[in-house]
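One structure is given below, encoded as structure tokens.
The values are calculated or read from the model by the stated rules, or taken from the named source; none is laboratory data. Everything numeric in this text was worked out from a predicted model, so none of it was measured. Don't worry about glycine lacking a Cβ; one is built from the backbone with ideal geometry, like all the others, and counts go over all protein chains shown.
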Amino acid sequence: MATSKNEAAIEARMDSVGTSLILQYYELTKPGISKMVMMTTLAGYYLAIPQSSSLFDFGIASNLAVAILGTLLISSGSCVANHIIERDVDARMKRTSVRPIPSGAVSVRSAVVFSALLSIMGAVLLSYVNTLTLVLALITWVVYVLVYTPMKTRSSLAVIVGGIPGALPFMGGWTAQTGTLDPMAWILFAILFFWQLPHFYALSWMYRNDYREGGMALRAIDDESGKTLAVQMIATSVLTLLASLVPTMLQSTGMLYAAGAGVLGLYLTFQSFVFYRRPDTVSARRVLLSSYAVLMGIIILMFIDKQ
């Protein structure tokens, strides 16, 4: 009986270790980014479906599934590569020191293999969608890993460069259905590109001390008053508002969408003005939370009021 209990305890510990390791690998894929990639790819694809077709058509649905999975895998592979490159920086920051690689839970070699497998599988899947969508996904990987990641410790412009790979999945969802870079594809890119800037400006202010310890080159670190950062936040909130109205002008969405997107964009701009008047962590967090609400609201409205 005692032996059985010991064996059961050992098996339970092994199961716990196995589960923990799976969660560490999952963490390497940056689940928050992965969810946004899935959501925006789906929304872009859905908007591109012709009125005469349906998301429930087998060919459209299966193509969508392959597009989302392929895009997600390449995005996840780039996120793992980002963890590998930034492991020393992460180790210096309190917020990121417990990540899988700096904590020692996952070795660099294992992470490299994991990143390569994810990226290759994603590329293979997207090759069955269309060449344009595959190229956009590969550009996302290259810019995020080889340009944006090393640039973060060298120039505050990295935030703008980082907006490019962040916005491409929205465009990729559209091209997965249409196979073309028409005006609407670029507008979807613009919406997500501009949206990311006030979102990250707020985040950078909230964690500026941590980013300073990590050696990041950010406007929030050098701008003690927060005024210059606030002006950039306001400007990019306004640009997010303007870009979000264009789908209705292009007749991809209706007036309900335009009204809702307008209100959401104005709210984000208002919160950015509040940060300008009172640049503190509380105001920055409100901008951050508002940005989440704006993106979710825009996507929901796209589904409700697609033309």
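Summed over region 88-106, the residues that are surrounded by fewer than 18 Cβ atoms within 10 Å (Cβ to Cβ) and more than 16 Å from Ile22 (Cβ to Cβ) give a count of 8. Taking every residue in region 84-97 that is over 21 Å from Ala116 (Cα atoms) and pairing it with any residue that is surrounded by fewer than 18 Cβ atoms within 10 Å (Cβ to Cβ) and hydrophobic (A, V, I, L, M, F, W, C), at least 6 positions away or on another chain, the pairs with Cβ-Cβ distances below 7 Å are Ser97/Ala91.
Would you mind stating whether Met216 is over 14 Å from Gly44 (Cβ atoms) and either touching a strand residue (DSSP E or B) at 6+ places or on another chain (Cβ under 8 Å) or outside the structural domain of Ile85 (by TED's automatic domain parsing) (or both)?
Numbers: over 14 Å from Gly44 (Cβ atoms): yes; either touching a strand residue (DSSP E or B) at 6+ places or on another chain (Cβ under 8 Å) or outside the structural domain of Ile85 (by TED's automatic domain parsing) (or both): yes.
Here the answer is yes, as Met216 does meet what is asked.
In the list Trp195, Trp205, which residue meets the criterion of being surrounded by 24 or more Cβ atoms within 10 Å (Cβ to Cβ), in contact (Cβ under 8 Å) with a residue 24 or more places away in the chain, part of a helix (DSSP H, G or I) and out of contact with any Phe, Trp or Tyr (no Cβ under 9 Å at 6 or more places or on another chain)? Answer to the selection: Trp195.
Of the residues that make up region 47-56, is at least one in the same structural domain as Ser127 (by TED's automatic domain parsing), within 14 Å of the chain's Cα centre (by Cα) and of a type in the set (Gly, Ala, Ser)? Checked region 47-56: no residue is in the same structural domain as Ser127 (by TED's automatic domain parsing), within 14 Å of the chain's Cα centre (by Cα) and of a type in the set (Gly, Ala, Ser). With respect to (1) within 29 Å of Gly254 (Cα to Cα); (2) part of a helix (DSSP H, G or I), the lone exception for Gln51 is condition (2). Would you check if there is a residue in region 91-109 being in a helix (DSSP H, G or I), within 25 Å of Ile187 (Cβ to Cβ) and over 21 Å from the mean Cα position of the chain (by Cα)? The answer is no; no qualifying residue exists.
When the residues of region 107-156 are filtered to those that are small (Gly, Ala, Ser), touching a Leu at 6+ places or on another chain (Cβ under 6 Å) and without any contact (Cβ under 8 Å) to a residue 60 or more places away in the chain, the one that is surrounded by the fewest Cβ atoms within 10 Å (Cβ to Cβ) is Ser127.
Scanning region 208-217 for residues that are part of a helix (DSSP H, G or I) and buried (at least 21 other Cβ atoms within 10 Å of the Cβ) yields Arg208, Tyr211. A Cβ distance below 7 Å, combined with a sequence gap of six or more or placement on separate chains, defines the contacts here; from region 25-44, residues that are assigned by TED's automatic domain parsing to the domain that holds Ala116 and acidic (Asp, Glu) reach residues that are outside any helix (DSSP H, G or I) and buried (at least 17 other Cβ atoms within 10 Å of the Cβ) in the pairs Glu27/Arg99; Glu27/Pro100.
Restricting attention to region 19-37, the residues that are within 14 Å of Asn82 (Cα to Cα) and among the aliphatic types (A, V, I, L, M) total 2. Taking the listed residues Ala293, Ala261, Ala220, Ala230, the one that is assigned to a helix (DSSP H, G or I), of a type outside the set (Asp, Glu) and surrounded by fewer than 16 Cβ atoms within 10 Å (Cβ to Cβ) is Ala293, with no other qualifying. Scanning region 117-128 for residues that are touching a helix residue (DSSP H, G or I) at 6+ places or on another chain (Cβ under 7 Å) and assigned to a helix (DSSP H, G or I) yields Leu118, Ser119, Met121, Gly122, Ala123, Leu125, Leu126.
Output yes when any residue across region 126-141 is over 16 Å from Gly215 (Cβ atoms), of a type in the set (Phe, Trp, Tyr) and in contact with a Ser or Thr (Cβ under 6 Å, 6 or more places away or on another chain), and no when none is. Checking region 126-141: at least one residue is over 16 Å from Gly215 (Cβ atoms), of a type in the set (Phe, Trp, Tyr) and in contact with a Ser or Thr (Cβ under 6 Å, 6 or more places away or on another chain).
Determine whether region 297-306 contains at least one residue that is acidic (Asp, Glu) and surrounded by fewer than 16 Cβ atoms within 10 Å (Cβ to Cβ). Steps first, answer last, please.
Restricting attention to region 297-306, the residues satisfying the condition of being acidic (Asp, Glu) are 305.
Applying the additional criterion that residues be surrounded by fewer than 16 Cβ atoms within 10 Å (Cβ to Cβ) yields none.
The answer is no, given that none of the residues of region 297-306 is acidic (Asp, Glu) and surrounded by fewer than 16 Cβ atoms within 10 Å (Cβ to Cβ).
Considering only residues in region 129-168 that are of a type in the set (A, V, I, L, M, F, W, C) and not in a helix (DSSP H, G or I), the one that is modelled with the lowest pLDDT turns out to be Leu157. Is it the case that region 276-288 has a residue that's at pLDDT 95 or above, of a type in the set (A, V, I, L, M, F, W, C) and under 18 Å from Phe189 (Cα atoms)? No, region 276-288 contains no residue that is at pLDDT 95 or above, of a type in the set (A, V, I, L, M, F, W, C) and under 18 Å from Phe189 (Cα atoms). Per the conditions (1) within 15 Å of the chain's Cα centre (by Cα); (2) surrounded by fewer than 22 Cβ atoms within 10 Å (Cβ to Cβ), the sole criterion not satisfied by Ser75 is (2).
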